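What follows is one structure encoded as structure tokens, with my remarks underneath.
The values are calculated or read from the model by the stated rules, or taken from the named source; none is laboratory data. Here the structure is a predicted model, which means the values were calculated and not measured. We place every Cβ from the backbone using ideal geometry, glycine too, and count neighbours over all the protein chains shown. What goes into the accessible areas is simple: the full protein's heavy atoms, side chains included, and nothing from ligands, DNA or RNA. Shrake-Rupley method; radii C 1.70, N 1.55, O 1.52, S 1.80 Å.
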Amino acid sequence: MPIQNPYEEYQRNKILTASPAEVTLMLYEGAIKFCNIAIMAIEQNDIEKAHINITKTQRIIEEFRNTLDRKYEVAKEFDKIYVYVLQRLFEANVKKDKEILEEVNTHLRSLRDTWKEVMKRCNKA
């Protein structure tokens, strides 16, 4: 059996042992990272790399939408945000527009920061 990359093993274990709340936070961080990579790719005129990373961001947001617990009123509000972000990502991908991606990243950071605050408050309870 080949020796695995220790960093990859650490990352895999980190995900496997994370709570659902921590996984959600990791997904927000991933969406922000992929959006940033797409912005840099557009600046470098690397259209394929931009497309790939915008698509990765879209997949994360789609997963958030698919896993919303719609019996709660707040889920409807999050769904509206996710639909808007997905529309903007689609537009950014078609136009390869970094300004739209910067707007999306602002929304993603806000969602991530809100989630961090929720996690903090839940840990205090």
Inset, instruction - Just need a number here: residues in the stretch 17-48 that are more than 17 Å from the chain's Cα centre (by Cα) and not in a loop (DSSP other than H, G, I, E, B). - result: 5
Legend entry - Residues within the stretch 76-111 that are open to solvent by 40 Å² or more (accessible area, probe 1.4 Å) and under 11 Å from the mean Cα position of the chain (by Cα), tallied: 2
Inset, instruction - Just give me the residues in the stretch 50-84 being of a type in the set (Val, Ile, Thr) and either touching an Asp or Glu at 6+ places or on another chain (Cβ under 9 Å) or over 15 Å from Asn105 (Cβ atoms) (or both), in sequence order. - result: Ile52, Thr55, Thr67, Val74, Val83
Inset, instruction - Being among the β-branched types (Val, Ile, Thr) and surrounded by 19 or more Cβ atoms within 10 Å (Cβ to Cβ) is the filter; apply it to the stretch 44-59 and report the residue that is nearest to Ala21 (Cα to Cα). - result: Thr57
Inset, instruction - Check the stretch 96-106 and report whether any residue there is part of a loop (DSSP other than H, G, I, E, B) and at pLDDT below 95. - result: no
